[in-house]
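S.K.: Before we start, here is the structure in question, set down as structure tokens.
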Amino acid sequence: MNRIQKNNQLTKQNETIAGESLRVHNSAIADMFYEYADLLQIRNENAFKIRAYRNAARTITSLPGDIHESVENGEDLSQLPGIGKDLASKIAQIAKTGRFDELEKLRETMSPELSKLMQIEGLGGRRVGVLYRDLGIDSIEKLERAAKEHKIASLRGFGAKTEKAILENIEKSRRYVKGILLSEAQEIASLFTRYMRESEYCDTVVVAGSFRRRKETVRDLDILVTSSYPREVTDHFCNYPFAMKVSSRGPTRSSVALRNGFKVDLRVVPQESFGAALHYFTGSQAHNIAVRKRGGKRGLKISEYGVFREEKRVAGRTEQEVFNAVGLPYIEPELREDRGEIDAALERKLPKLVKRNDILGDLHTHTNYTDGVASIEQMVEAAKKRGYNYVAVTDHSKRIAMAHGLDESALRGQMERIDLLNEQVKPFTILKGIEVDILEDGTLDLPDSVLRELDVVVCSVHSKFSLSPQKQTERIIRAMDNPWFSIFAHPTGRLINKRPPMQYDVEKVCKAASQRGCFIEINSSPERLDANDLFCMTARTFGIPVVISSDAHRESDLDNIAFGLDMARRGWVEKGEVLNCLSVKSLKARLKRG
DNA sequence: GCCGTTTTCGGCCCGACTGTTTTCAGTCG
């Protein structure tokens, strides 16, 4: 669903849900600001005003807390970065009424779907403005028709090539909404970097961009190469056998589209610029701007080629040098979202992010007792190979009939089997667990009499994802009232690009979890990555430890833990905040609820 | 519209590539 549909839906909800207080979520407010900025841009208004709206939208998106609540508590929003008096009052208005009057007015005078056009690659505000004013184009459909009828090429600033590109990019926009999964990007990245390293002209080959920041979805890959032979490197890059077309080509930057439409960019720089280029191309854009501003204040100019005072290069060989030049310690790529990492760095309060080796076990795995493909023994072997000290077997409960979910007696059978195996695998520990369904009324799918005998009770929602936010909130909190509820697994239920997250009051649920001693899972399945970075940040503000779990259904799935780790790191999570960084003894103690 | 160790006005990151121009605007990251 795009922003406009979402905004419209929100307005509709406001009108139709009676008696139930609707909370305007942070993302809805941010989306309104983004759309407003788009419309201002199409009207050719002040570029800095437009940027201010986008900056504010970004700030709102990355807030761990609920802005609706901040408004209710009378907090001063103008203290937030990029939000002054004017925007603070607009946010308050939206939070209270669900409406942004200025946006509604613009939509009326312009066209409600106009900002959609700016999602098409190659179309910015200026061009969309021309298309709208000269040809009355205000939807993708009209744009496509006009391009096919060759009405666009004759417009000033356009041409035959642009017209053709528009058609291609409309097609592309239909295929990729938010980008591909991080795991898919990882496969492409490893093939492509291996290919680039085959060239004798490439010195260093690394992938930068949002891939290096480990975002949950990736729109394109940025490959950075250092070399003294940019022409040869570019030739090699453009000849990649799986490239469908070369979409741009220059001595330092080139870009190809793969057969599936995915874009890969190449940047070639000399070795002495490596650090500056890596920092620059890793982004995020907002982080770069913040760092460059700091540089500017110190009389430094920072570009992808280095840090310069006047004409003299003063840093740039490593990222460390770039940060140091502006008076900062090294900041990990996952933190570079301009979510406060620069201030934290200045105060020397950057988190010591959890690392792969800190994780001592996996607390969510399946076996062939239900829908997994490996036996308990095989999963244990696989876990040992990965250096773990323990693994929890958490098969499905009976409600998941199609996965042959376990009833009480089948579960007891599995528990006995685990007791036997535990004698054989010492000092390794197999924890007895279950992934029990949270039913619609908030009860759990198995009786307390058996849950109490388990080491780990992982609880999750697998049905009724679209209850009203209020009912969903009550359902989850009721489940947490059960004294054996320990870990809330894949807490939003979203499947990236397939199923939206459940709508409920995350703050209320986190508060409940923290009061009851429940934990939040980061599910590492590449299409879940749930809780994601922002959810982790919210959980942290409530002091809730997270659990990074693989949800493995086969031995190799255990390696997915790396993606969950990525989300944790993006959420500023430290080792001490991760349950499965504890030894088995401490873990068992923590799992027993008061 | 925001912001301030150039502080209430006048700035606002910076460079590359494409296509449409004939010196540059638009877009992108």
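What follows draws every value from the coordinates through simple rules; no lab data is involved. Since the model is a prediction, treat every value here as computed from it, not as a measurement. Because the Cβ atoms are built from the backbone with ideal geometry, glycine has one as well, and the counts that use them run over all protein chains shown.
S.K.: Highest first, please rank the peptides A:456-463, A:514-521, A:439-446 by the mean number of other Cβ atoms sitting within 10 Å of their residues.
M.R.: The peptides rank, most packed first, as A:456-463, A:514-521, A:439-446.
S.K.: Cut-off under 26 Å on the C-alpha distance; same-chain residues fewer than 8 positions from A:Lys588 excluded. Which lysines are left, in chain and number order?
M.R.: A:Lys352, A:Lys355, A:Lys384, A:Lys385, A:Lys398, A:Lys426, A:Lys432, A:Lys511, A:Lys575
S.K.: Also, quick follow-up: What is the sum of charges, Lys and Arg at +1 and Asp and Glu at -1, for the other residues whose Cβ falls under 11 Å from the Cβ of A:Leu40?
M.R.: Overall, the nearby charge balance is 0.
S.K.: Please compute the length gained on full extension between A:Arg156 and A:Asp358, using 0.36 nm multiplied by the number of residues separating them and subtracting their Cα-Cα distance.
M.R.: 66.8 nm
S.K.: If you don't mind, there's one more thing I want to ask. At a Förster radius of 35 Å, what calculated FRET efficiency corresponds to the Cβ-Cβ distance of A:Val314 and A:Ser248, to the nearest 0.05?
M.R.: That pair, A:Val314 with A:Ser248, gives E of 0.65.
S.K.: Something else now. Just grab the label-to-label distance for A:Lys301 and A:Glu232, each label 7 Å out from Cα along the Cβ direction, in nm (one decimal).
M.R.: 3.2 nm
S.K.: For a Förster distance of 45 Å, can you work out the FRET efficiency between the beta-carbons of A:Asn46 and A:Gln378, rounded to the nearest 0.05?
M.R.: That gives a FRET efficiency of 0.10.
S.K.: When only C-alpha pairs under 8 Å and at least 6 residues apart count, what is the relative contact order of the range A:523-594, in percent?
M.R.: For the range A:523-594, the relative contact order is 36 percent.
S.K.: With unit charges on the beta carbon (Lys/Arg positive, Asp/Glu negative), name the residue among A:Gly209, A:Ile302, A:Met379 whose Cα is farthest towards the positive pole of the charge dipole of chain A.
M.R.: Projecting each Cα onto the dipole axis, the largest value belongs to A:Ile302.
S.K.: Calculate, in nm to one decimal, what A:Leu167 and A:Ser139 gain on full extension: separation in residues at 0.36 nm each, minus their alpha carbon distance.
M.R.: Taking A:Leu167 through A:Ser139 to full extension adds about 8.7 nm, to one decimal.
S.K.: Using the Cα centre as the reference, give the magnitude of the dipole from point charges on the C-beta atoms of the range A:157-309 (Lys, Arg: +1; Asp, Glu: -1; all else neutral), rounded to the nearest 20 debye.
M.R.: Computed charge dipole of the range A:157-309: roughly 840 debye.
S.K.: Subtracting the Cα-Cα distance from 0.36 nm times the residue separation, let me have the gained length for A:Lys148 to A:Lys498 in nm, one decimal.
M.R.: Residue separation times 0.36 nm, minus the Cα-Cα distance, leaves 122.9 nm.
S.K.: Quick one: net charge around A:Ser154, please, counting Lys, Arg +1 and Asp, Glu -1 for every other residue with C-beta under 10 Å from its C-beta.
M.R.: Net local charge, A:Ser154 excluded: 0.
S.K.: Considering the options A:Ser460, A:Ser514, A:Gln472, tell which one lies farthest towards the positive end of the dipole of the range A:451-567, charges being +1 on Lys and Arg and -1 on Asp and Glu at the Cβ, about the Cα centre.
M.R.: The one lying farthest along the dipole's positive direction is A:Gln472.
S.K.: Can I ask one more? In the range A:28-55, which residues have a backbone nitrogen under 12 Å from the label point lying 7 Å from A:Thr109's Cα in the Cα-to-Cβ direction?
M.R.: Answer for this model: A:40, A:43-45.
S.K.: Separation of the range A:307-336 and the range A:430-472 by C-alpha centroid, Å?
M.R.: 49 Å
S.K.: Using per-residue counts of other Cβ atoms within 10 Å, averaged over each peptide, order A:307-318, A:474-485 from highest down.
M.R.: Order by mean packing, descending: A:474-485, A:307-318.
S.K.: Whole Å is fine, so just give me how far the alpha carbon centre of the range A:351-371 lies from that of the range A:91-121.
M.R.: 43 Å
S.K.: Explain nothing, just the number: relative contact order of the range A:74-144, from Cα pairs under 8 Å at least 6 residues apart, as a whole percent.
M.R.: 19 percent
S.K.: Further, regarding this structure: Express in whole angstrom the spacing between the alpha-carbon centres of the range A:181-248 and the range A:541-594.
M.R.: Using only Cα atoms to place each centre, the spacing works out to 32 Å.
S.K.: If I take R0 = 51 Å and measure r between the Cβ atoms of A:Thr97 and A:Glu347 in this structure, what FRET efficiency does the formula 1/(1 + (r/R0)^6) give, to the nearest 0.05?
M.R.: 0.85
S.K.: In Å, what is the Rg of the alpha-carbon atoms in the range A:490-594, and how long is Dmax?
M.R.: 13.4, 39
S.K.: Which ³J(HN,Hα) values, rounded to whole Hz and listed in residue order, are derived for the range A:319-330 from phi using the Karplus coefficients 6.51, -1.76 and 1.60 in 6.51 cos²θ - 1.76 cosθ + 1.60 with θ = phi - 60°, glycine and proline given as x?
M.R.: Ordered by residue, 3J(HN,Hα) equals 5, 3, 4, 5, 4, 4, 4, 9, x, 10, x, 4 Hz.
S.K.: Listed highest first by mean packing, meaning other Cβ atoms within 10 Å per residue, what order do A:558-570, A:104-116, A:330-342 come in?
M.R.: Highest mean packing first, the order is A:558-570, A:330-342, A:104-116.
S.K.: Report the label-to-label distance for A:Glu69 and A:Glu198 in nanometres (one decimal), using points 7 Å from each Cα along the Cα→Cβ vector.
M.R.: 5.4 nm
S.K.: Do you know the relative contact order of chain A, to the nearest whole percent, from alpha carbon pairs under 8 angstrom that are 6+ apart?
M.R.: Dividing the mean separation by the residue count of chain A yields 9 percent.
S.K.: While we're on this one: Quick one: of the DSSP bridges fully inside chain A, what percent are antiparallel, nearest 5?
M.R.: 45 percent
S.K.: Could I ask something else about it? Work out from phi, with θ = phi - 60° and the Karplus expression 6.51 cos²θ - 1.76 cosθ + 1.60, the ³J(HN,Hα) of each residue of the range A:254-270, listed in order in whole Hz, and give x for Gly and Pro.
M.R.: 9, 8, 10, 10, 7, 4, 8, x, 5, 9, 10, 9, 10, 10, 10, 9, x
S.K.: Then there's this: Can you pull the three principal axis extents for the Cα set of the range A:360-475, in Å, largest first?
M.R.: 47, 28, 25 Å, listed from the longest principal axis down.
S.K.: If N is the number of residues in chain A, what value comes out of its Cα radius of gyration divided by 2.2 N^0.38 Å?
M.R.: 1.04
S.K.: Run the simple label-point estimate for A:Gln79 and A:Ser449 please: 7 Å along Cα→C-beta, distance reported in nm.
M.R.: 5.4 nm
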